[in-house]
1. Non-local amide H neighbours of Lys14 (under 5 Å, H modeled in plane, Pro and chain starts lacking H): which ones?
2. Once phi is turned into θ = phi - 60°, what whole-Hz ³J(HN,Hα) does the Karplus curve with 6.51, -1.76 and 1.60 give for every residue of region 40-49, x standing for Gly and Pro?
Amino acid sequence: MDDLRKTGFQDRGKINMHERHEVHYWTRHLGVSLEQLQKVVAKVGNSAAAVRKELGHAQGDRGA
């Protein structure tokens with residue numbers, strides 16, 4: 001089980017849909033709704049690069 005006091009990411013290359021803080025980060029970072037993120041992850045998997053590609057984002061875009 002994850003330590004909820006640690007809100008950093010274990011692997012920024014993956015989107016963990018089971019961690020609320022990660023889902024919040026990725027929806028804001030990618031500018032998508034929860035539903036959109038869920039659909040894309042279901043389609044292409046949890047690779048952040050694959051999700052960015054599917055959404056049309058630049059793969060190197062790490063944002064703030």
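1. It is Ala48, by chain and number.
2. Residue by residue, region 40-49 yields 5, 4, 5, 7, 10, x, 9, 5, 4, 5 Hz.
Read the figures in this text as sums done on the coordinates, not as results from a lab. Predicted, not measured: the structure shown is a model, and the values here were computed from it.
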